[in-house]
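The values are calculated or read from the model by the stated rules, or taken from the named source; none is laboratory data. Keep in mind it's a predicted model, so treat the numbers as computed, not measured. In this analysis, Cβ positions are derived from the backbone assuming ideal geometry, glycine residues included, and neighbour counts consider all displayed protein chains. Side chains included, ligands, DNA and RNA excluded: accessible areas come from the protein's heavy atoms. Shrake-Rupley method; radii C 1.70, N 1.55, O 1.52, S 1.80 Å.
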Amino acid sequence: IATMAISPSEAHYIIESCLTDFRIDGRTQIEHRPYTITNRSQRFKTTPISNSSSAPPLILSNGSSRVHLPGSTTDILCSVKADLVHPSSQNPNEGVVELHVDLSLCGDGVSLGGASSGASKRRRQQREQESQVTSLLQRLVLPHAVNYKELVIWPGRYVWRLAIDVVVLRCDGCVLDGASIALREAIRETKLPRVQSLVSLDGDNSNDDKSSNPNGMSSLGGRENDLTVDGNIQNALPPSGCQNCPLVVTVSVLSAPPSTTGAITAS
């Protein structure tokens, strides 16, 4: 998202570290940062750190997760809430997935004190950053996060809408990578109750059998459109295709001065 200028000596140090398979923080080139994920089913880590509570971050959400990078201030929360809506006229046979990213609690967004002009500028920068992160996640993750056609409960009438909220509480690294981890885990932990139609399945309505799709949730009324929800959470299922939800990994392209590169190669 941003371009950062570094000095020739810094570029030389980074390139030399890469050539010796030793990064600045002590990791090798293929070793990822240790992180902690808390979700509905379990709390797990990529490093052996003592466990704590196994409760989900947000118990009122259909799915949620929280990502924390030990040794840093990065802390990202993601919530997925599901409701039943009428499909759009453009895509009547597909569900809806919406995404909102909130950076108001991260960095300068925590406090907007000082001169009004400075506060206004920080607000504008925050909105721009939120728009950039949201746009990238919408392009890179959301098209492959779930099977949109399997979110349909009743073609042309009812479909799932998954509202995803990513709140960056604190972050001292790449927001995009951390947000994608939180989003992926929350989607994979989402549970959708079963839905059935109150209309007899052997009736004349050819759409009635579609309402028995297990990936549905609603208590909407309306005579022939009545749906009933299975309240047993044990029968709830995750959205189809959520296991294939991708992650975002960012890389930096380092442009070192020719003299620096030549010095490293010669050595």
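Across region 1-31, which residue is surrounded by the most Cβ atoms within 10 Å (Cβ to Cβ) among those that are hydrophobic (A, V, I, L, M, F, W, C) and modelled with pLDDT under 80? Explain how you work it out, then say what you get.
To start, the set of residues in region 1-31 that are hydrophobic (A, V, I, L, M, F, W, C) comprises 1-2, 4-6, 11, 14-15, 18-19, 22, 24, 30.
If we keep only those that are modelled with pLDDT under 80 too, we end up with 1-2, 4-6, 24.
Working: Ile1: 11, Ala2: 5, Met4: 5, Ala5: 6, Ile6: 14, Ile24: 9.
Among those residues, the one meeting the criterion is Ile6.
Checking Gln234 against (1) more than 30 Å from Arg33 (Cβ to Cβ); (2) open to solvent by 60 Å² or more (accessible area, probe 1.4 Å); (3) modelled with pLDDT of 80 or more; (4) part of a loop (DSSP other than H, G, I, E, B), which test does it fail?
It fails just one condition, (4).
For residues in region 59-81 being under 10 Å from the mean Cα position of the chain (by Cα) and among the β-branched types (Val, Ile, Thr), which is nearest to Asn232 (Cα to Cα)?
Result: Val80.
Note down all Cβ pairs under 7 Å where the first residue falls in region 135-156 and is at positive phi, the second is of a type outside the set (D, E, K, R) and buried (at least 20 other Cβ atoms within 10 Å of the Cβ), and they're at least six residues apart or on different chains.
Note: pairs meeting the criteria are Gly156/Pro87.
Search region 222-231 for residues being part of a loop (DSSP other than H, G, I, E, B) and open to solvent by less than 60 Å² (accessible area, probe 1.4 Å), and hand back the single one that is modelled with the highest pLDDT.
Per the criteria, the residue is Asp230.
Filter region 70-89 down to the residues that are open to solvent by 20 Å² or more (accessible area, probe 1.4 Å), closer than 24 Å to Ser131 by Cα and in a loop (DSSP other than H, G, I, E, B) and list them by number.
Thr73, Ser88
Condition check ((1) surrounded by fewer than 16 Cβ atoms within 10 Å (Cβ to Cβ); (2) at pLDDT 95 or above) across all residues:
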{"position": "Ala119", "(1), (2)": "yes, no"}
{"position": "Glu130", "(1), (2)": "no, no"}
{"position": "Pro143", "(1), (2)": "yes, yes"}
{"position": "Arg161", "(1), (2)": "no, yes"}
{"position": "Ile164", "(1), (2)": "no, yes"}
{"position": "Asp177", "(1), (2)": "no, no"}
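Among (1) polar (S, T, N, Q); (2) in a helix (DSSP H, G or I); (3) modelled with pLDDT of 90 or more, which single condition is Ser240 missing?
Only one criterion is unmet by Ser240, namely (2).
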